[in-house]
Amino acid sequence: MQISPNAEPDTINRVYKFLAARLHPDNPETGNADKFTLLKEAYDVLSNPARRAEYDAMHTKETPETDPLSSSMDFMDNLEGELNRRVAVLAVLYIRRRAYPNTPEVSLSAIESSMGFPRDYLEFTLWYLLKKGYISRADNSALTLTAEGVDFVETQRSSLPTLSRLLTSGAGSSSTDRRGGGQGVGPARTPPEVPVERRSGVDRRKQG
């Protein structure tokens, strides 16, 4: 289901319902019987405390080097979650471009891994950032921060605690190193608490 290993039951339920609606065979546009079956199997395990504990014990060695951003940021809320997703994607791509200017591309799977969030929830986020001209997408779906995106990140960083903390922590750098083709940006630390702001461009909401 591409969610954080620390996801709460409510988060698991919401992600499942969202994906189930998309993948159900009765959906004429996005239905996929095979993927729906796999989704149902995953949900049956994760929604059962005993089976989930057993699964976690079996996959302890496969835990990512760093916690996904969804462990400390709310990506699920209808508004705040969307705003956080935009800022997180920009931060991950900015870190990659600064570290590897000759190979700035980050695969969609690496974005998923960094955020601990299924790509289905990222469709609107990526559409918005593409339309704004902050990111571009290659034929292989890899994502890259544009010059406009760099300008936005660098001019807004001082006024956006969310963005600043993600950049300082090296948001998602381990995942993008492994899957984005780089040689290493250094260890990433998950920011403790990331407030959400509302301001021009990405539309953020300031924490009260």
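Every number here is computed from the coordinates shown, using simple stated rules; none is lab data. It should be emphasised that the depicted structure is a prediction, and the values quoted were computed from it without experimental measurement.
Quote the relative contact order of the range 119-159 in percent (integer), defining contacts as alpha-carbon pairs under 8 Å separated by 6+ residues.
26 percent
Pop out the ³J(HN,Hα) list for the range 14-31 in order, Karplus 6.51 cos²θ - 1.76 cosθ + 1.60 with θ = phi - 60°, rounded to Hz; leave Gly and Pro as x.
5, 5, 4, 4, 5, 5, 4, 5, 6, 8, 4, x, 6, 7, x, 9, 10, x
Using the 2.2 N^0.38 Å rule of thumb for compact globular proteins, work out how the range 9-62 stacks up: its C-alpha Rg over that value, please. Intermediate results must be reported in sequence, preceding the final value.
On the way: Rg = 12.7 Å, N = 54, 2.2 N^0.38 = 10.0 Å.
Here the Cα radius of gyration is 1.27 times the empirical estimate.
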